[in-house]
Amino acid sequence: MSELSTTPTAGTDSEGFPIPTATQPESDAVRAKMLEIYPAKTRKKREKQLLANNPETPPEIGANTRTIPGIITQRGCTYAGCRGVVIGPIHDILHITHGPVGCSYYSWLTRRNLARPKPNQPVNFLQYCMTTDMQEEDIVFGGEKKLAAAIREAYAMFKPKAIAVYSTCPVGLIGDDVHSVCRQAKEELGINVFGFSCEGYKGVSQSAGHHIANNGVFKHMVGLLDEPDKEEFRINILGEYNIGGDAWEIDTLLKKCGIHVTATLSGDISYEQICKCHTSDLNVVLCHRSINYMAEMMETKFGVPWIKANFTGAEQTSKSLRKIGKYFGAQRLIDRIEEVIAQEMAVLRPVQEEIRKRLQGKTAAMFVGGSRAHHYQHLFKDVGMLTVSAGYEFAHRDDYEGRKVLPSIKVDADSRNIEEIEVEADATRYKARKTPEQVEALKAGGFSFKDYDGMMVEMKKSTLVIDDISHHEMEKLIELYKPDIICSGIKDKFVIEKYGVPCKQLHSYDYGGPYTAYTGAANFYKELDRMINTKVWKLLTPSWKKPADPAIAMGKGLDSPTNRAIREVVKGMAKAWKPKTSVTAPDAEG
Ligand code: CFM
C-alpha cells in the first residue's frame, strides 16, 4: 500500500466511455517526493516542469528549455530531429551526414520510418548510410573538399534526383560552409543539392532540428512541381512518419473513404510528392510539434489551410475523418465516411470490448517525444485505462497548454538561434481554398482551423504532467504510482522492466505496429492485453520491494554483500592464474 493518500474515480464520462476505476495517489505528494532529492537550484528549475494538471485552465509549464546537466534526459539532438525525423524518411533522395561516422551510423534505420518502392518510384535509398567520415585531419584542415568529393561520389553511384547534406557538431565548430559546397555541387551536377545547419548542439533538443528541417524542405523542395494530382478531395498528411507502417494504415483508410493523399510528410514519401504537395487542398496535421511550421508556411505562401487531427485511437480516428468530410462539404463524401466508420467499428468494437474486460481500470504513464504522449492516451481510454501521468521530452508549451498560449511564449536565446524564415503569399500560385464566407460558415458550425488544444485539456484533473522526465523521477513514479504499463523509449525501457513494470516503446513500437486507424487500434489493444496480463511480471521482485541492503543504505555500495562475493570470485581466479612458460614477443612492427 502506498504511503500516499488515494482518490478513487468511477462511472462513465460524457462520451459514454467508462471512467477507469483505478485509484491514484495524490499528484502533489508524488511531485514533492520526486523533487525532494534535488539541490535547491535544480529543484527550482524542475518545479516548473512538474505540474498537477488542471484541464479547465492548464497551468503554465516549463518546456523547451535546456536540460539540467547531470539529469539523465531521454532527449535527442538537433541533428536527430532534422536528419532522422523530418527529412530522413524521404526514400528516393540521398542523405549524406557531414561529420564523424558515429552520427551517421546512429541515424541508420534506427527509427522505423518504413518505405517501399512504388511502381513509378522504384528506388528506395533508405537502406544506405552515407557519411563523410570526418577524421582529425579534416577537423584541423577543414572538411569542405571531402564533402564535395562525397557528393560527387554518391551522385556517380546512385544518380539521385536530389541530395541532402546534414551538418553535425564538429562541422559547426570548425565552420565548414556546407551551403556553398551544396550550391556548387548543384551547379556542377545539375540536380537539387541542399544543406542543413542542424548541428547537434544548435538547440535544446531534436525540436530545433524539426524547425530547421521544415525551413529547408520548404525552401528547397515544396513548390517545385505545379502539376496537381487528378483525384478529388486531395489532402496532405503532415507530421506522420510511417513508423511501423502507421502512414500506410491511414492511407488505406482514407482511400476507402475516397480521400486522396497527395503527400505524407514525410512517411514513405518521394521527392516528387514533396515538390507538389502545395497543390493539395488541405493540410491535416497529426504531429503538431514536428511540422506546425510547414503548415503555417504553406498556408501563407500557397493558401492551403490546415487542421489538427489524430488517427491514434478509434474515437479520434472517426472524429478526424468526419472533420475532413466537413471541410470538403460534399454529401457523398460525408455519407461514405459514415459508411466506412460503421464498417470499421463493427469489426473493432468486439475486440475493444473483449479486451476492455481485462484492462478496465488499469493505469498507464507515458513519456514520449512531442506528440505521442498525448495521442496514445486515447488508445488507453478506448479500453478503459487511466493515464496517471504523462509528459513530453521536447515539446513546447503549446503542445501542453494549447496554441492559445503562443503569443505569451518568451523567445529565449536558444530559440533565437533557429532561423524564422519570412514567407509571403506567392504572386501567381497563392489560391485560397475556401471563400471567406465558406470559412465563416464552417467556423459557425464548430469547425476549427489551425487549432491545437494540447495535451492538458484532455487529461484528468490532478494527473501529473512531467516535461523532460529524468531517470530519478521515473523511478519515483514507478515506486509511488506503480502503473500497470509505462510507454517510453529505449533509454529507460529496461530500467522500467527491471522494476517489474512492462514498458512499451512508443518510438519504435518494439518492432510492432502499426497502431493508427481502426486496424492499428486493434493491434494496440491486443499488445496491451498481452503485455499487461502476462504472468512474467509477477515473477519479478521490484527492487523497492526487496529489503534494503544495509551496506548500500549506509552509502557503502562497494562493500555490499554482492560486491564482496564478486571480489572473492575474482581473487580466486587471480590465484589460480599461472603465466605461460614461454611467451612469444609481439611483432615489433605491430
Ligand atoms: Fe512527432 Fe514523431 Fe513524436 Fe517526433 Fe520523435 Fe517519433 Fe516521437 Mo520518437 S515526429 S514528436 S521527434 S510523433 S522520433 S515519429 S516517436 S520522439 S512522439
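The values are calculated or read from the model by the stated rules, or taken from the named source; none is laboratory data. Computed from a prediction, not measured in an experiment: that's the story for all the values here. Here the Cβ positions follow ideal geometry from the backbone for every residue, glycine too, while neighbour counts run over all protein chains shown. All accessible areas refer to the heavy atoms of the entire protein, side chains included, with ligands and DNA or RNA removed. Shrake-Rupley method; radii C 1.70, N 1.55, O 1.52, S 1.80 Å.
Name the single residue that is surrounded by the most Cβ atoms within 10 Å (Cβ to Cβ) among those in segment 370-381 being in contact with a Leu (Cβ under 9 Å, 6 or more places away or on another chain) and more than 25 Å from Ala29 (Cα to Cα). First the steps, then the outcome.
Kept after step one, since they are in contact with a Leu (Cβ under 9 Å, 6 or more places away or on another chain), are these residues of segment 370-381: 371-373, 375-376, 379-380.
Pick out the ones that are also more than 25 Å from Ala29 (Cα to Cα) and you get 371-372, 375-376, 379.
Details: Ser371: 23, Arg372: 22, His375: 23, Tyr376: 22, Leu379: 25.
Here the residue is Leu379.
Listed by position, the helices (runs of 4 or more DSSP H) enclosed by segment 416-524 that each have at least 3 residues that are in contact (Cβ under 8 Å) with a residue 40 or more places away in the chain, open to solvent by 40 Å² or more (accessible area, probe 1.4 Å) and out of contact with any strand residue (DSSP E or B) (no Cβ under 7 Å at 6 or more places or on another chain) are 471-481.
More than 18 Å from the chain's Cα centre (by Cα) and either open to solvent by less than 20 Å² (accessible area, probe 1.4 Å) or modelled with pLDDT of 95 or more (or both): does that describe Arg332?
Numbers: more than 18 Å from the chain's Cα centre (by Cα): yes; either open to solvent by less than 20 Å² (accessible area, probe 1.4 Å) or modelled with pLDDT of 95 or more (or both): yes.
In short, yes.
So which of Ala364, Ala342, Ala346 is part of a helix (DSSP H, G or I), within 30 Å of Thr534 (Cβ to Cβ) and of a type in the set (Gly, Ala, Ser)? Don't jump to the end; show me each part of the working.
Working: Ala364 fails: part of a helix (DSSP H, G or I); Ala342 fails: within 30 Å of Thr534 (Cβ to Cβ).
Being part of a helix (DSSP H, G or I), within 30 Å of Thr534 (Cβ to Cβ) and of a type in the set (Gly, Ala, Ser) holds for just one of Ala364, Ala342, Ala346, which is Ala346.
Would you say Glu354 is closer than 30 Å to Arg433 by Cα, open to solvent by 20 Å² or more (accessible area, probe 1.4 Å) and either within 27 Å of the chain's Cα centre (by Cα) or free of Cβ contacts under 8 Å to residues at least 12 places away in the same chain (or both)? In short, no.
The set of residues from segment 293-304 being open to solvent by 10 Å² or more (accessible area, probe 1.4 Å) and either free of Cβ contacts under 8 Å to residues at least 24 places away in the same chain or away from the ligand (no atom under 15 Å from the Cβ) (or both) comprises Glu296, Met297, Glu299, Thr300, Lys301.
Only one residue in Ala148, Ala156 is open to solvent by less than 70 Å² (accessible area, probe 1.4 Å), touching a helix residue (DSSP H, G or I) at 6+ places or on another chain (Cβ under 6 Å), more than 16 Å from the ligand (Cβ to nearest atom) and not acidic (Asp, Glu). Which one?
Exactly one of Ala148, Ala156 is open to solvent by less than 70 Å² (accessible area, probe 1.4 Å), touching a helix residue (DSSP H, G or I) at 6+ places or on another chain (Cβ under 6 Å), more than 16 Å from the ligand (Cβ to nearest atom) and not acidic (Asp, Glu), namely Ala148.
Close contacts from segment 332-349, counting a first residue that is under 15 Å from Gly258 (Cα atoms) and a second that is open to solvent by 70 Å² or more (accessible area, probe 1.4 Å), with Cβ to Cβ under 7 Å and a gap of 6+ residues or different chains, come to Ile337/Arg322; Val340/Lys256.
Highlighted here are the strands (runs of 3 or more DSSP E) found entirely within segment 1-80 that include at least 3 residues which are at pLDDT 95 or above, open to solvent by less than 60 Å² (accessible area, probe 1.4 Å) and within 23 Å of Asp399 (Cβ to Cβ): 50-52.
Run down Gly172, Gly216 and say which single residue is surrounded by 21 or more Cβ atoms within 10 Å (Cβ to Cβ) and not aromatic (Phe, Trp, Tyr). Outline the logic, then answer.
On the way: Gly172 fails: surrounded by 21 or more Cβ atoms within 10 Å (Cβ to Cβ).
Exactly one of Gly172, Gly216 is surrounded by 21 or more Cβ atoms within 10 Å (Cβ to Cβ) and not aromatic (Phe, Trp, Tyr), namely Gly216.
Taken over segment 112-122, the criterion of being open to solvent by less than 60 Å² (accessible area, probe 1.4 Å) and more than 16 Å from the ligand (Cβ to nearest atom) is satisfied by Lys118, Gln121. Within segment 389-415, if we keep just the residues that are surrounded by fewer than 17 Cβ atoms within 10 Å (Cβ to Cβ) and basic (Lys, Arg), the residue that is nearest to Val222 (Cα to Cα) turns out to be Lys404. The residue list Gly402, Gly361, Gly369 contains one member that is more than 24 Å from Glu296 (Cα to Cα) and either β-branched (Val, Ile, Thr) or in contact (Cβ under 8 Å) with a residue 60 or more places away in the chain (or both), which is Gly361.
So is Ile96 touching an Asp or Glu at 6+ places or on another chain (Cβ under 7 Å), of a type outside the set (S, T, N, Q), away from the ligand (no atom under 16 Å from the Cβ) and open to solvent by less than 20 Å² (accessible area, probe 1.4 Å) or not? So that I can check it myself, show each step before the final result.
Working: touching an Asp or Glu at 6+ places or on another chain (Cβ under 7 Å): no; of a type outside the set (S, T, N, Q): yes; away from the ligand (no atom under 16 Å from the Cβ): yes; open to solvent by less than 20 Å² (accessible area, probe 1.4 Å): yes.
The answer is no for Ile96.
Only a single item in (1) touching a helix residue (DSSP H, G or I) at 6+ places or on another chain (Cβ under 8 Å); (2) under 20 Å from Gly81 (Cα atoms); (3) surrounded by 22 or more Cβ atoms within 10 Å (Cβ to Cβ); (4) not β-branched (Val, Ile, Thr) is not met by Ala247, and it is number (1).
Can you give me the number of residues within segment 99-111 that are within 12 Å of Cys129 (Cα to Cα) and within 15 Å of the ligand (Cβ to nearest atom)? Explain how you work it out, then say what you get.
Initial filter on segment 99-111 (within 12 Å of Cys129 (Cα to Cα)): 101-110.
Now drop any that are not within 15 Å of the ligand (Cβ to nearest atom), which leaves 106-110.
Adding up the residues that qualify gives 5.
Residue under question is Val222, and the condition is that it be over 18 Å from Gly513 (Cα atoms) and within 16 Å of the ligand (Cβ to nearest atom); does it hold? The answer is no for Val222. Of all residues in segment 231-241, none satisfies being more than 24 Å from Glu296 (Cβ to Cβ) and basic (Lys, Arg).
Is it the case that Arg234 is modelled with pLDDT of 95 or more, basic (Lys, Arg) and open to solvent by less than 30 Å² (accessible area, probe 1.4 Å)? Please lay out each step first, then the result.
Working: modelled with pLDDT of 95 or more: yes; basic (Lys, Arg): yes; open to solvent by less than 30 Å² (accessible area, probe 1.4 Å): no.
Taking the combined requirement at face value, the residue does not satisfy it.
Quick one: is Ala314 crowded, with 24+ Cβ neighbours inside 10 Å, closer than 27 Å to Ser280 by Cα and more than 16 Å from the ligand (Cβ to nearest atom)?
Values: crowded, with 24+ Cβ neighbours inside 10 Å: yes; closer than 27 Å to Ser280 by Cα: yes; more than 16 Å from the ligand (Cβ to nearest atom): yes.
Taking the combined requirement at face value, the residue satisfies it.
Listed by first and then second residue, the pairs linking a residue in segment 130-141 that is touching a residue at least 24 places away in the same chain (Cβ under 8 Å) and under 10 Å from Gly99 (Cβ atoms) to a residue that is assigned to a helix (DSSP H, G or I) and open to solvent by 90 Å² or more (accessible area, probe 1.4 Å), with Cβ atoms under 6 Å apart and 6 or more places separating them unless they lie on different chains, form an empty list.
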